[in-house]
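For reference, the structure is listed below as structure tokens.
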Amino acid sequence: MPYPDGYVSNVKMGLNQLEEYVDTVLGLREKYKDDIRICLGLEVEYYPAYFEELLEITGQYPIEYFLLGQHFLGNEIHDFYSGTPTSDERQLERYCSQAQEALETGCFTYFAHPDLLNFTGDRAVYERWMGKLCRLAKKLQIPLEINFLGIMDKRNYPNEDFWKIAGETGNQVVFGCDAHQPETVWNPRAQAVAEGIAEKYHLTVLDRVPFRAPHREKKMPG
């Protein structure tokens, strides 16, 4: 399946780039150790067919945390991109079920842009499936991210229908800059919008989140 318009595929890191990435982050950590705390983490897709192998490969490095970013369904290859507009309840169900399975592994510190799935169908259907996802995240104490890049690029997320559900469920949230370029590490306008969403839906915003070490706490489904 080709990437949709606006999807920036070059931000995805191949496994052949992992060692260089780790070396770069560790080098910067040492260089700036007296000024700032630098942590080593990855935003990771949960693809059931490849996840155990991914854990084995990444387990060779001192990676401190994973963030869940479910951009594609299934195992990505020839499958559905989550940001594609759809009124098909089946795609919504698949997204929520796959994300729930990911959260249940215990490998993810928080869920990045959980409202990425661009559902254009019945709001009651959306509330049913996303409500189930939000309830599981609350049970597992996994925060949900309000994403600054979605605000800056005027994407389909943050989706206020989703954050209304999260507020009613009592989910904890974090702000994430999702910086694809250095100049977007902090954006005051995006932060103000995110703060407005949190205030409107009575969301508890965390200023720090304890890491879940992905290679120590894994629990494969089944």
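The values are calculated or read from the model by the stated rules, or taken from the named source; none is laboratory data. As the structure is a computational prediction, the values presented were derived from the model and not from experiment. Neighbour counts are summed over all protein chains in view; Cβ atoms, including those assigned to glycine, are modelled from backbone coordinates with ideal geometry. When the accessible area is computed, the model is the full protein with side chains, heavy atoms only, and any ligands, DNA or RNA have been set aside. Shrake-Rupley method; radii C 1.70, N 1.55, O 1.52, S 1.80 Å.
Our analysis of segment 24-87 gives Rg over Rh at 1.13, with the two radii drawn from alpha carbon positions and Rh computed by the Kirkwood formula. A simple rule links phi to the HN-Hα coupling: the Karplus curve 6.51 cos²θ - 1.76 cosθ + 1.60 with θ = phi - 60°, which for segment 141-158 gives 6, 9, x, 10, 9, 8, 9, 5, 5, x, 5, 5, 8, 6, 7, 6, 10, x Hz, with x for Gly and Pro.
Tally Lys/Arg at +1 and Asp/Glu at -1 over every other residue whose Cβ is under 10 Å from the Cβ of Asp161; what's the total?
On the way: positive: Arg123, Lys164; negative: Asp115, Glu127, Glu160.
So the environment of Asp161 carries a net charge of -1.
Show me the ranking of peptides 166-178, 36-48, 183-195 by mean Cβ neighbours inside 10 Å, starting with the highest. Mind dumping the intermediate values first?
Values: 166-178: 19.4, 36-48: 15.5, 183-195: 13.9.
Top to bottom by mean Cβ count within 10 Å: 166-178, 36-48, 183-195.
Which FRET efficiency value, to the nearest 0.05, is calculated for Arg123 and Thr84 with the Förster distance at 30 angstrom and r the Cβ-Cβ distance?
On the way: r = 19 Å, r/R0 = 0.62.
Calculated transfer efficiency: 0.95.
Using only the Cα atoms, what convex hull volume per residue in Å³ does segment 126-205 have?
Numbers: hull volume 6.8 nm³, N = 80.
In segment 126-205, the Cα convex hull volume per residue is 86 Å³.
Across segment 176-183, rounded Karplus estimates of 3J(HN,Hα) from the backbone phi angles (6.51 cos²θ - 1.76 cosθ + 1.60, θ = phi - 60°) give x, 7, 6, 7, 7, 9, x, 5 Hz, Gly and Pro being marked x. In the full protein context, the chain carries 54 Å² of accessible surface per residue, based on a 1.4 Å probe and ignoring ligands, DNA and RNA.
Output the DSSP H helices from the chain with an along-axis C-alpha extent of no less than 24 Å and a mean Kyte-Doolittle hydropathy no less than -0.5. Intermediate results must be reported in sequence, preceding the final value.
On the way: long enough: 123-140 (25 Å, -0.43).
Passing helices, by number: 123-140.
With a 1.4 Å probe and all protein chains left in place, how much of the accessible area of the chain comes from carbon and sulfur atoms, in whole percent?
Numbers: 5880 of 11960 Å².
Carbon-and-sulfur percentage of accessible area, whole number: 49.
What length, rounded to one decimal in nm, is gained on full extension from Asn16 through to His202, with 0.36 nm per residue of separation minus their alpha-carbon distance? If you can, show how the numbers build up before the last one.
Details: separation 186, 0.36 × 186 = 66.96 nm, distance 4.28 nm.
Full extension from Asn16 to His202 adds 62.7 nm.
If I model a spin label at Glu76 and Lys132 as a point 7 Å from the Cα along the Cα→Cβ vector, what separation in nanometres do I get? Output for this residue pair reads 2.6 nm. By the scheme Lys and Arg +1, Asp and Glu -1, what is the net charge of all other residues having a beta-carbon under 13 Å from that of Gly121? Computed value for this residue: -3. Helical content alone sets the calculated 222 nm signal of the chain at -11500 deg cm²/dmol, taking -39,500 (n - 2.57) per DSSP H segment of four or more residues and averaging over every residue.
Explain nothing, just the number: relative contact order of the chain, from Cα pairs under 8 Å at least 6 residues apart, as a whole percent. Write out the running numbers ahead of the final one.
Values: 335 pairs, mean separation 43.8, N = 222.
Once divided by the residue count of the chain, the mean separation gives 20 percent.
Say R0 is 25 Å: what FRET efficiency, to the nearest 0.05, do Lys33 and Gln141 get from their beta-carbon distance? With R0 = 25 Å, the Cβ-Cβ based efficiency is 0.25. The figure for Glu56 is an accessible area of roughly 120 square angstrom, using a 1.4 Å probe on the protein chains alone. Counted by Cβ distance under 14 Å from Glu183, the other residues give a net charge of -1, where Lys and Arg count +1 and Asp and Glu count -1.
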